[in-house]
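Shown next, in structure tokens, is the structure this report addresses.
The values are calculated or read from the model by the stated rules, or taken from the named source; none is laboratory data. Everything numeric here is computed off the predicted structure, so don't read it as measured data. Cβ coordinates were reconstructed from backbone atoms using ideal geometry, including for glycine residues, and neighbour counts include every protein chain displayed.
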Amino acid sequence: MGAQQVRDGFAALYGTEPDGVWAAPGRVNLIGEHTDYNDGFVMPFALPHTAIAAVSRREDGVLRLHSADIEGGVAELRVADLAPESDKSWTAYPAGVVWALREAGHPVTGADIHLASTVPAGAGLSSSAALEVVVALALNDLYELGLRGWQLARLCQRAENVYVGAPVGIMDQTASACCEAGHALFLDTRDLSQRQIPFDLAAEGMRLLVVDTQVKHSHSEGEYGKRRAGCEKGAALLGVDALRDVAYDDLDAALARLGDEEEVRRLVRHIVTENHRVERVVSLLSSGDTRAIGPVLVEGHTSLRDDFRISCPELDLVVDTAMASGALGARMTGGGFGGSAIVLLEEADVEPVTKAVEKAFATAGFTAPRVFEAVPAAGARRLV
Ligand code: GLA
């Protein structure tokens, strides 16, 4: 699916050429999981898979939405009537962005939008953030709002938190809006300060595989929110604004203070050690010690599995099989409860590790996974 096809789709649907065509990518997260709603550190990079939007401005208060990927016709809404949590279908994502822009005082008076996406849905690869960001960027351009990438990310997060009703953090939207090709994004989610870290595995003879377990997940389904609430409880018990404020060196003392709050202790331990892992990965990559990040990724997975408790048998099987077959590192990526894992490995190990994972899935009776290689791609941009 390219810009021209989406442009043609728009013309066939609405009878005119669009004002422009934009793209926004999905992401994988290298390290830093569930730290974003704790004001912590994350390190995602953009995938070549994108949501593409052909968009025209309207002045009459009407918002028309259509997706090439979903059965059904054009949804027609009035921007003045958009209301949080009133829509349970896919249109809540683009409509939520229009709502968030208007609520922030930006005079968006309508649009015709035709979307198509190659980001697999429900695979933990940020298909929703890609949809939000592509619409936000298009409207930012068409209405000349002058908003920067991180500001668009904040508005998209608000759309998802309030309009859609999913309590997600800021990582995915910022990744989609701000990532750069060939780099991973080291993001401080407290102030959204960013550093682009060169991440060119091929130059060093390595590869990164994404293994989509095909186990679908949804963040509005409660478990994500429970983890978030548990982390907030931990911060409150420890008297800090967010778990980001618990220093790694103070972890034991903090855990001791939490006494018999066993569940909160586990959540706190994950967040504090995970922030530390992000910092370790940044420093290893900065000193050119790329292979040494492998064990840190595996530690991250163990922490998500045992302390945060958001893995699943399929994700664990990817990690265990990949490591037993010679991978340098592997872990689940994204929100958890299904979705995708990443595997860092030598170029020569791509085929044997892929085969081993596929075989292990077949033996376990799991649906065959979808495996592809990920190279850090560009963030959101105008195509036409
Ligand atoms: C989902 C959320 C993000 C983040 C990750 C876990 O992708 O959208 O905000 O919390 O889970 O790291």
Practice task
Would you check if there is a residue in the range 115-131 being surrounded by 24 or more Cβ atoms within 10 Å (Cβ to Cβ), more than 14 Å from the chain's Cα centre (by Cα), more than 12 Å from the ligand (Cβ to nearest atom) and modelled with pLDDT of 95 or more?
Solution key: yes
Handout entry: Exclusive hit being surrounded by 18 or more Cβ atoms within 10 Å (Cβ to Cβ) and modelled with pLDDT of 95 or more, set Leu209, Leu192
Key = Leu209
Fill in the blank from the handout: Scanning the range 329-353 residue by residue, those farther than 30 Å from Lys226 by Cα and out of contact with any Ser or Thr (no Cβ under 9 Å at 6 or more places or on another chain) turn out to be Glu346, Glu347, Ala348, Val350, Glu351
Completion exercise
Picked from the range 144-165 (must be crowded, with 18+ Cβ neighbours inside 10 Å and of a type in the set (Gly, Ala, Ser)), the residue farthest from the ligand (Cβ to nearest atom) is Gly149
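If you go through the range 5-62, how many residues are away from the ligand (no atom under 16 Å from the Cβ), in a loop (DSSP other than H, G, I, E, B) and either more than 26 Å from Val79 (Cα to Cα) or not hydroxyl-bearing (Ser, Thr, Tyr) (or both)? Break it down stepwise before answering.
Here is the first cut: in the range 5-62, the ones away from the ligand (no atom under 16 Å from the Cβ) are 5-23, 48, 50, 52-62.
Now narrow it down to the ones that are in a loop (DSSP other than H, G, I, E, B): 15-19, 58-61.
If we keep only those that are either more than 26 Å from Val79 (Cα to Cα) or not hydroxyl-bearing (Ser, Thr, Tyr) (or both) too, we end up with 15, 17-19, 58-61.
Of the residues in the range 5-62, 8 are away from the ligand (no atom under 16 Å from the Cβ), in a loop (DSSP other than H, G, I, E, B) and either more than 26 Å from Val79 (Cα to Cα) or not hydroxyl-bearing (Ser, Thr, Tyr) (or both).
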Handout entry: Subset of the range 80-99 (residues that are among the aliphatic types (A, V, I, L, M), farther than 23 Å from Ala24 by Cα and either surrounded by 13 or more Cβ atoms within 10 Å (Cβ to Cβ) or at pLDDT below 95 (or both))
Key = Leu82
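Counting residues that are under 17 Å from the mean Cα position of the chain (by Cα) and buried (at least 22 other Cβ atoms within 10 Å of the Cβ), which strands (runs of 3 or more DSSP E) fully inside the range 279-384 reach at least 2?
On the way: elements: 329-333, 340-346, 370-373.
Filter on the range 279-384 gives 329-333, 340-346.
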Completion exercise
Exactly one of Asp260, Asp250, Asp241 is part of a helix (DSSP H, G or I) and more than 18 Å from Gly334 (Cα to Cα), and that residue is Asp250
